[in-house]
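Remarks on the structure that follows.
The values are calculated or read from the model by the stated rules, or taken from the named source; none is laboratory data. All values derive from a computational prediction rather than experimental measurement. Here the Cβ is made from the backbone with ideal geometry for all residues, glycine too, and neighbour counts use every protein chain on show. Just the protein is used for accessible areas: all its heavy atoms, side chains included, with ligands, DNA and RNA removed. Shrake-Rupley method; radii C 1.70, N 1.55, O 1.52, S 1.80 Å.
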Amino acid sequence: MPRFFQVALNIPQATEVYDYHLPEKDERAVVEVGALVLVPFGSQRVQGVIWREVDSPSVASTRPIERILENRSVLTPLLLKLAQRLAEETLTPLGEWIGFLLPEGYKQRSDWLYRWKGDRAVMDWTPLQKQIVAAIQEKGALRGTQLDHRFNHRDWRKAIQPLIRKGFVEIEPLLVAPRVGTKRARLVSLTLQPSEFEAFLKKHASRWGKAFERRRKVLEFLAREGKAVEVAWVYAECGANAADLRSLSDLGAIRFEESLQWRDPLASKTVISYPPFELTEEQAFAWETILPLLHQAWRGEAPKPMLLQGVTGSGKTELYLRAVDEALKSGRQAIVLVPEISLTPQTIERFAARFVGKVGIYHSRLSPGERFDMWQRCRLGQLSVIVGPRSALFMPFAQPGLVVVDECHDSSYYQEARPYYHTIQAAIAYMQIAAGACLFGSATPSIEQSYFVRQGTWQGITLTRRILSPAQSSSQYLSAQTSLSSSQPSPISDERKLSPVKIVDMRAELKQGNRSIFSRLLSERLHQVLTSGQQAILFLNRRGLATYVFCRDCGFVVNCPRCQIPLTAHTAENRQKSMPLLCHRCGYRRMSPQRCPNCGSLHIRQMGIGTQRVEEEVRRLFPEARVFRWDADTTRQKGTHDRILEQFSRRAADILIGTQMLAKGLDFPLVTLVGVILAEVGLNLPDFRAAERTFQLLTQVAGRAGRSTLGGDVIIQTYQPDHYAIRAAAAQDYELFYQQEIQLRREIQYPPFAQIVRLEYRHLYREQAQREAERQYQELEERLAKEQITHLRISGPLPCYYARLGGWYRWQILLIGEQPQNFLRNHSLRKGWQVEINPISLL
């Protein structure tokens, strides 16, 4: 009796599962749900995941599973259920989620290989076709993904079709092997007894000659170690070579072994365990709410998601730690998500110190091998806690029981590439499937998150007071430089208010003749901080030296040719050269022109400011100051996040300048001043969440000051001092901002009072993008009218705010109202449209 299986395919376009059978030779094989197989699909061989075993197929004839690649679950049954649910909720093909969830060491992508078969004569081809032919002829054959990379901004697939039809280009299906796998170390161990050395060496001494001394050292070294040793270590210690070890092995004196070697990014870190803090009265009250909800979830009673709203420095992390500890005691695993890789170093220290040997870390800055090994260790049950950004949610734990999302308001929890999803919604869905709990935390939750609490959909918990550990007092910090990994005393309630915030109107500064990027107040306070040996943070959410470069004679602005947005000036590495101009969207780079490309004028100037300009000004005004800059430009290399944070915490710098990374939960006891250089960066963008993002950033970065008994203050510089988001942030009054913002949302009927589906179309040619958008809009409008659907409204079609990105022209249509995704489930869109459910940005 044949065995039948439903298989989910690792193909982005696959929307369903397909039926296959095991060939007779494999009918007795053990195949778990989530196992990896190789199956035929059309003319291709593709990778698939076992969905379930069925008694009978849904089709009359099934094709055989060609090969079992991994008989144990690679994707757990819980992850498969989550993939199905997210595919339904995000209107994304199931195959796209399967490919997204598979780890790199197992993922095999289906592709096509394009090989040149014609002669080398130049035919009557288009310029693009000539370039494609030249690229294939140069290499002999190229995969589709390689051609995608070469012709990223052009429709090469359409151009190559005539060449395939005429027989100039041959194609064949291809399955691309994984680029990473298990790492194994080669070891060597002793088989002789030490008492046998003398006789053994005497027997072979005459034949070994000069090699005698090296081989004797090998035997003595292995005897001292008393265990298997890596071959490279033996070479280094004894001066031996491969021929020496082969000879000793052939004579039976030693033997070679292989050992699995984990690539662990935390292996070099020293961690000291410490007991839990004693909770303050307010924390204890919050814990009394959290604890029963955790156990309610693990009993399968599906409690509400919990939102822990606490002011900066109120001790939310200690409650996260206790929740994780409770999950581990109940035999479950925990996932702790942080908004940025930059936050991971401090967070991982706290969790690794509490749960020694049980914590892993997962993020994009790890090497592919490190990520693969971390994934494997979670799969094998060697780790119980994983800390990382949004991708860490999908680690293959057998019994995940808790997802903690710190700074849950942060925009980095939304994935702005396919498959589009929001981590908060994905975490809630995952824990509903796994009978687990969600604990979200923030000082500035999103408007929608607060609304859910007030409507009773989520459970709200608040912390209103800062706490202060004696280790963070100025005297103890200065004398002992206490680290997070050392023993931790109990926190105490700090009855002082949050750091006072002063708004400086930069319009008034200009009127009084101050043309510096620093107000007089900020300059004075920086001088005081430097004199007193304390530290300061300067925040500007914009990289670079200048915002844009323009001609003073004709007004020409140097734009990115692919994105049509101004290029940002950066400091040249060699001062003798002109400064580089970068596009922060697509990475395009060029040097600053000496003459205007439009009118030939020499009057080329830079306008606006970025973090590089702030750094230059600080060094000019305070030459004695030690300055670090922390942004995407200074943290490109692996480990630079950790190094900058560690050195700043050790007082290797006086001033830290940075972008939004600075707003993410960092704790530096000696920082007594936070200066916001320009508060309204991003405030005036045409997006309904612009004010919310500005309020959150300013409130969060203000929370970096006054984290010890030294106290601190915050200075916000702005040209819009009366804007409600800036005034509420200065008052650090979340309720004030919420009430004004929720009223505006109610008036325009935007989230949380409605949902938004954003439809985007991209094309290399502006006219075709516009024409397609207008056609799709007309079809949708006709369907809404025909079906008399009144609870949805349609907006557009309009070019996106960033009308051209990476060479692609972008148009969008918005569907706004009650569950607009349900309308789209029953109405297919035209080819080429991307769908986002409740995106975080409409730009």
Could you give the nm distance between label points at Q382 and T462, where each point is 7 Å from its Cα heading toward the beta carbon? 4.6
Semi-axes (Å, rounded, descending) of the ellipsoid equivalent to segment 3-108 per its C-alpha gyration tensor are 21, 15, 13
From zero outward in steps of 10 Å, how is the percent of C-alpha pairs of the chain spread across the bins? 2, 10, 17, 22, 21, 15, 9, 3, 1, 0
Gain in span if fully extended, L829 to T145, counting 0.36 nm per residue against the direct Cα distance: 243.7 nm
Rounded to two decimals, the Rg over Rh value of segment 56-161 from Cα coordinates and the Kirkwood Rh reads 1.12
Using θ = phi - 60° and Karplus 6.51 cos²θ - 1.76 cosθ + 1.60, couplings along segment 726-734 (whole Hz; Gly, Pro as x): 6, 5, 5, 5, 5, 7, 6, 10, 5
Spin-label pair M591/A652, simplified geometry with 7 Å Cα→Cβ offset, distance in nm: 3.3
The percentage of the accessible area of segment 3-108 (probe 1.4 Å, all protein chains present) made up of carbon and sulfur atoms, to the nearest whole number, is 48
By a straight-distance test (C-alpha under 19 Å), which lysines pair with K202 as possible cross-link partners, with residues fewer than eight away in the same chain excluded? K210, K217
Can you tell me the relative contact order of the chain? Whole percent, Cα pairs under 8 Å, sequence separation 6 or more. 10
Protection-proxy order for peptides 631-641, 375-385, each taking the mean of Cβ atoms within 10 Å per residue, highest first: 375-385, 631-641
For the chain, whose charge dipole is built from +1 on Lys and Arg Cβ atoms and -1 on Asp and Glu Cβ atoms, the candidate among P162, A691, A705 with its Cα farthest towards the positive end is P162
Lys and Arg at +1, Asp and Glu at -1: neighbours of A435 with Cβ under 10 Å from its Cβ sum to +1
Just to confirm my understanding: which cysteines in the chain have no other cysteine beta carbon less than 4.7 Å from their beta carbon? C238, C378, C408, C438, C586, C800
Rounded to 0.05, the calculated FRET efficiency for the beta carbons of L843 and A223 at R₀ = 51 Å is 0.15
Enter the accessible area per residue of the chain (Å², integer; probe 1.4 Å; all protein chains in place). 46
Of all accessible heavy-atom area on segment 763-843, the percent that carbon and sulfur account for (1.4 Å): 44
Between W125 and R771, what's the calculated FRET efficiency when r is the beta-carbon distance and R0 is 35 Å? Round to 0.05. 0.85
Counting Lys and Arg as +1 and Asp and Glu as -1 over every other residue whose Cβ sits under 9 Å from the Cβ of L383, the net charge comes to +2
Grab the other residues whose beta carbon is less than 14 angstrom from that of R525, score K and R as +1, D and E as -1, and report the net. -1
Which of K358/K664; K81/K316; K269/K638 have a Cα-Cα distance over 20 Å? K358/K664; K81/K316
In what sequence, highest mean first, do 602-612, 523-533 appear when ranked by Cβ atoms within 10 angstrom? 602-612, 523-533
Starting from the Cα of K786, step 7 Å along the direction of its Cβ; do the same at R45; then give the gap between the two resulting points in nm. 4.6
Rank-order 500-511, 709-720, 191-202 by packing density, defined as the average count of other C-beta atoms within 10 Å over each peptide's residues, highest first. 709-720, 500-511, 191-202
In deg cm²/dmol and to the nearest 500, what is the mean residue ellipticity at 222 nm of the chain if only DSSP H runs of at least 4 residues count, each as -39500 (n - 2.57), divided by the residue total? -10000 deg cm²/dmol
Stretchable slack from L685 to Q743, in nm (0.36 nm times residue separation minus alpha-carbon distance): 18.9 nm
Using r as the Cβ-Cβ distance of V59 and L764, and R0 as 35 Å, what FRET efficiency do you calculate, to the nearest 0.05? 0.30
